[in-house]
Amino acid sequence: MKKIYFVTGSQDLYGEDALARVSSDSKNIANFLREKLADTVDVECMQTVRNRDEIINVCLAATADADCVGVITWMHTFSPAKMWIRGLQLLGKPLLHLHTQYNEHIPYDEIDMDYMNLNQSAHGDREFGYILKRLGIPHAVAVGYYKNEDVVEEIRRFCRVAKALDFSRNLKVAMFGNNMRDVAVTDGDRVESQIRFGWQVNYYGIGDLADIAASVTKGEIDGKMKEYADLYVFNTDDVAAVREQARYEVALRKFLDSTGTGAFCDTFQDLHGLRQLPGLAVQNIMKDGVGFAAEGDYKTAALSAVCAKMACAGGATGFLEDYTYDLTQGSELVLGSHMLEVSPVFAASKPKIEVHPLSIGDKEPPARLVFDGITGDGLQISMTDEGSNFRIVTAGICLTAPKSMPKLPVARVMWQVKPNFTDGVKAWLNSGAGHHSVVSTALTIDDVRLFAHLTSTPITEIGLN
Ligand code: MN
């Protein structure tokens, strides 16, 4: 399990007894957080740091520890912040500044100067906040008594986002083919993506996948078909077309595993060696949190994987496209879908496997999952390349049950735009955000804000207040 270092700052000024107390209080807080966050990370209490060398050492240790995804700092006493400069400059992991106090209440009858000197985070954490600001280090802050539920939740959010950042900084993204010809918004600066988010975006010929697909065995396809039968309703007689998708899924998973790839994209313009556009194959992989976007959109593919990592359990997170509108005045709706590739995490009921011709491209009719989407409040998250930087654009939406569309042969999700269609869509267009996005009913705007903040990415919020 990934872990968080809990680091308490102090100094030598107070003597052995006070420092022993600082140390035991820190352990108690770290233990409390370890229990509370056991489902998310392990919390490791580090030795109290008292001087510049100890601070440098713990910051270097956190940076070098592959299992450590972030650091929580807290100043139990005063800890002169010039001591922290070099260590913080060397720290390569996300930081949460916990501004708390060991005791919830002041012991009014007992309090003396010793007590005040020992319990002065009100004072020491302001010194620490100043140096973080002065060094320009983006970080999270949690304020309040550490046992308060909202403080614990703030820390838990940091841990989830820190884990997602760790995942992001090691994420390999495979592009089968390139960006769809002539399309602008799905393209991007892959070098800058790696510098800012860590995404190692590399091109593979679709032939690489076709070769693996050709070597998939009948037994492997049979196993996959059994899984499909458990998960989905067969609404087709064209078993051969479904088996073809099973072959692609086995091949894709072999590719993902052998290359350590966590997100991928393809394009229907480059399918040499494949008889169908991967549909069902991709959909069944997306449900496991593997990132995907179509038409060579590596940014949305990677973003969907990172968002899935960041999301807490429950809810749905995945790639969708703004496809068609219902412009009935006052009750406008967006129909979100794609040619095939909508994740079954959005399904309101058991998806059906169907086979239909594609009206675009020149391939055999592909098998795909068809379903109506879930309902509830959600977020639409998009990343745009503005040339000089990336921007995250996120909008509040409300997913509604799709009306019956018996002739539509793809999965569909519908939503209302917040605060209303005109203002929400106008703001989306003005921000330059595209037609591909990640839709999530599991992430909150606070999660997305923190991710943007910790990666120094500008964020535009629409319909969220
Ligand atoms: Mn598309």
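For this structure, a couple of remarks:
- Check on Ala442, under 23 Å from Gly314 (Cα atoms) and assigned to a loop (DSSP other than H, G, I, E, B): yes
- Restricting the range 1-45 to residues that are of a type in the set (Gly, Ala, Ser) and without any contact (Cβ under 8 Å) to a residue 12 or more places away in the chain, the residue that is farthest from Asp114 (Cα to Cα): Ala38
- Filter result for the condition that a residue is within 16 Å of the ligand (Cβ to nearest atom) and either under 19 Å from Lys363 (Cα atoms) or over 23 Å from the mean Cα position of the chain (by Cα) (or both), over Leu271, Leu280: Leu271
- Against the test of being crowded, with 20+ Cβ neighbours inside 10 Å and within 13 Å of the ligand (Cβ to nearest atom), the options Gly291, Gly296 yield a single qualifying residue, Gly296.
- Among the residues of this structure, Gly396 does not count as one that is in the same structural domain as Gln194 (by TED's automatic domain parsing), more than 16 Å from the ligand (Cβ to nearest atom), at positive phi and within 23 Å of the chain's Cα centre (by Cα).
- Subset of the range 326-339 (residues that are away from the ligand (no atom under 16 Å from the Cβ) and not in a loop (DSSP other than H, G, I, E, B)): Asp326, Leu333
- Filtered by the rule that a residue be within 16 Å of the ligand (Cβ to nearest atom), hydrophobic (A, V, I, L, M, F, W, C) and over 18 Å from Asp377 (Cβ atoms), the range 299-325 gives Ala301, Ala302, Leu303, Phe319.
- Scanning the range 118-126 for any residue that is over 28 Å from the mean Cα position of the chain (by Cα) and in a loop (DSSP other than H, G, I, E, B) turns up at least one such residue.
- Residue identified as on the phi > 0 side of the Ramachandran plot and modelled with pLDDT under 95 among Gly330, Gly361, Gly387, Gly376: Gly361
- Residue pairs meeting the criteria (Cβ under 9 Å; at least 6 apart or on separate chains; first outside the structural domain of Ala313 (by TED's automatic domain parsing), in the range 336-357; second within 16 Å of the ligand (Cβ to nearest atom) and small (Gly, Ala, Ser)): none
The values are calculated or read from the model by the stated rules, or taken from the named source; none is laboratory data. From a predicted model like this one, the values you see are computed outputs, not experimental measurements. Heads up, the Cβs are rebuilt from the backbone with ideal geometry, glycines too, and the neighbour counts pull from every protein chain shown.
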